[in-house]
Amino acid sequence: MQMGNVEAAFRNIHQNLIDGCKNGDQKAQFQIYKLYYKAMFNTSLRIVSDTMEAEDIMQEAFLSAFDKIDTYSGKVSFGAWLKKIVINRSLDAVSRQKAIFEDIDTHYEIQEESGSKEDEHLELQEKMNEVKSAIENLPDGYRIILSLYLLEGYDHDEIADMLNISSSTSRSQLSRAKQKLLSALSNGKSNTGKN
């Protein structure tokens with residue numbers, strides 16, 4: 001009796017479209033695609049850092065999801081289930097490019113920059129673009145862990161499981177990624193700040 005209530009809590013707002021996909025309805029598949037393609041593309045892009053490859057991965061993930069939609073149990077949201085497929089395919093693509101994950105036992109402490117609250121909208125937008133660019137230029141291992149942890153919300157145990165690394169490796173990679181990111185941002189600031 002309780003199990004039914006738990007499953008009902010995860011009933012999707014687009015359940016009718018998901019049911020249509022399970023019945024092979026192409027219109028329902030197209031509607032699902034329209035609802036989720038941007039988010040899934042962005043998720044893949046943050047991992048593979050290549051627009052064309054992210055597009056291909058996103059398309060393949062949708063095809064795979066529609067092919068295996070009968071395995072979707074409804075215990076999590078459809079978006080979370082689809083995102084997991086996109087992340088796994090993205091990680092596979094990076095793995096094929098032989099991303100190297102260093103196993104480092106030491107942890108580095110990152111000092112947070114205290115930003116001023118006087119930033120105007122344009123300055124904020126410029127800073128966001130700098131951060132995005134700096135993240136895209138990180139080595140694969142750093143970029144992937146940083147994206148999975150900060151942008152996708154996975155914890156170190158989940159990341160370790162996905163990447164077949166230890167939790168301590170995930171933590172140290174995140175720490176080093178933050179250092180490299182802060183270094184890139186401060187170098188960019190000092191280069192652009194002086195005329």
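Coordinate-derived values only; no laboratory data. Since this is a predicted model, take the numbers as computed values, not measurements. All Cβ positions, even for glycine, are placed from backbone atoms using ideal geometry, and neighbour counts span all protein chains on display.
Details
- Least to most buried among T51, T43 (fewest other Cβ within 10 Å first): T51, T43
- A quarter of the convex hull surface defined by the alpha-carbon atoms of the range 2-96 gives 6.3 nm² as the mean projection.
- Cross-link check: pairs K38/K180; K75/K132; K34/K178; K27/K83; K84/K178; K75/K127 evaluated at a Cα-Cα cut-off of 31 Å; pairs beyond the cut-off: K75/K132; K34/K178; K75/K127.
- Ranked list, fewest to most other Cβ atoms within 10 Å of each Cβ, for H156, H14: H14, H156
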